[in-house]
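Please read the structure below before turning to the comments.
The values are calculated or read from the model by the stated rules, or taken from the named source; none is laboratory data. A quick note: this is a predicted structure, and the numbers were derived from the prediction, not measured. Heads up, the Cβs are rebuilt from the backbone with ideal geometry, glycines too, and the neighbour counts pull from every protein chain shown.
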Amino acid sequence: MIQMPQGPKPSIQARALRVARAIDLAAFVSTELAPGRWRSVTQDEVDRFVALTGDRNWVHTDVERARHKLDGGTTIVPGQLLLALVPTLLQETYVITGAAQSRAAALGAVRFRHPVCPGAMFRLRVRLTLVKQRPRFVQVDASCDLELGSGQRALTSQRTDVFFD
């Protein structure tokens, strides 16, 4: 049986916010940026992630068992896989063209709020919460919500990145 993706159909996204320097993001603190594009994760991607991490929980890989025992009748995308996608999805919301280097500095308040099934459509919504010039870098804090096509939040987190000119 072929499972069709759930949620809205993929559409052309609003363009990512582009700034020359990280400090230029300060003008957008407390603003929700245009969301990223709709995407989904396939069962094959889940299987490859699970093989890499060694996660042996059947809810991620046993399609037949999930069909009979889980609500919705399908496997669940590992939360760690969704969390690993956030940096790439974040680049769809803002781009700093003049940064020589960037690093993830902190990740906090991670909450897995709703399961995501392979094929379910989701996108990242971002609100900048702090942009601050530090002696050697610019700190950018963001509130990140992985939104399902149903409007539910699957994952919420707080992220800090640092940018070097």
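Quick one: which of Val50, Val116 is surrounded by 15 or more Cβ atoms within 10 Å (Cβ to Cβ), assigned to a helix (DSSP H, G or I) and at pLDDT 95 or above?
Answer to the selection: Val50.
Being in contact with a strand residue (DSSP E or B) (Cβ under 7 Å, 6 or more places away or on another chain) and surrounded by fewer than 18 Cβ atoms within 10 Å (Cβ to Cβ) is the filter; apply it to the range 143-153 and report the residue that is farthest from Cys117 (Cα to Cα). Before the answer, list the steps.
Of the range 143-153, the ones in contact with a strand residue (DSSP E or B) (Cβ under 7 Å, 6 or more places away or on another chain) are 143-149, 153.
Checking the rest, the ones that are also surrounded by fewer than 18 Cβ atoms within 10 Å (Cβ to Cβ) come to 143, 149, 153.
Working: Ser143: 23, Gly149: 12, Arg153: 13 Å.
Step by step, filter the range 143-153, then rank; the result is Ser143.
Would you tally the residues in the range 143-163 being within 22 Å of Arg21 (Cβ to Cβ) and touching a Cys at 6+ places or on another chain (Cβ under 6 Å)? Please lay out each step first, then the result.
Residues of the range 143-163 that are within 22 Å of Arg21 (Cβ to Cβ), as a first pass: 143-144, 159-163.
So of that shortlist, the ones also touching a Cys at 6+ places or on another chain (Cβ under 6 Å) come out as 159.
Qualifying residue count, the range 143-163: 1.
Go through the range 61-98 and report how many residues are within 23 Å of the chain's Cα centre (by Cα), part of a helix (DSSP H, G or I) and over 30 Å from Asp161 (Cα atoms). Reasoning before the result, please.
Within the range 61-98, the subset within 23 Å of the chain's Cα centre (by Cα) is 61, 72, 74-97.
This time we only want the ones that are part of a helix (DSSP H, G or I), so: 61, 72, 79-90.
Filter once more, keeping what is over 30 Å from Asp161 (Cα atoms): 61, 72.
Summing the residues that are within 23 Å of the chain's Cα centre (by Cα), part of a helix (DSSP H, G or I) and over 30 Å from Asp161 (Cα atoms) in the range 61-98 gives 2.
Any residue in the range 20-45 that is within 18 Å of Thr160 (Cβ to Cβ) sitting within a Cβ distance under 7 Å of a residue that is in a loop (DSSP other than H, G, I, E, B) and hydroxyl-bearing (Ser, Thr, Tyr)? List the pairs, counting only those 6 or more apart or interchain.
Sorted first by the residue in the range 20-45, then by its partner, the pairs are Leu33/Thr93.
Considering only residues that are part of a loop (DSSP other than H, G, I, E, B) and either at negative phi or of a type in the set (D, E, K, R) (or both), which ones fall in the range 119-165?
First pass over the range 119-165, keeping only residues part of a loop (DSSP other than H, G, I, E, B): 119, 121, 134-137, 149-152, 165.
Matches in the range 119-165: Met121, Arg134, Pro135, Arg136, Phe137, Gly149, Ser150, Gln152, Asp165.
Could you run through the range 53-78 and say how many residues are among the acidic types (Asp, Glu), at pLDDT below 95 and within 18 Å of Gly119 (Cβ to Cβ)?
1
Here's a check for you: in the range 22-47, which residue that is touching a strand residue (DSSP E or B) at 6+ places or on another chain (Cβ under 6 Å) and over 23 Å from His114 (Cβ atoms) is surrounded by the most Cβ atoms within 10 Å (Cβ to Cβ)?
Ala22
Conditions tested, residue by residue: (1) hydroxyl-bearing (Ser, Thr, Tyr); (2) in contact with a Pro (Cβ under 9 Å, 6 or more places away or on another chain); (3) surrounded by 20 or more Cβ atoms within 10 Å (Cβ to Cβ); (4) free of Cβ contacts under 8 Å to residues at least 12 places away in the same chain.
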residue: Arg127; (1), (2), (3), (4): no, no, no, no
residue: Leu130; (1), (2), (3), (4): no, no, no, no
residue: Val138; (1), (2), (3), (4): no, no, yes, no
residue: Asp141; (1), (2), (3), (4): no, no, no, no
residue: Leu155; (1), (2), (3), (4): no, no, yes, no
residue: Thr160; (1), (2), (3), (4): yes, no, no, no
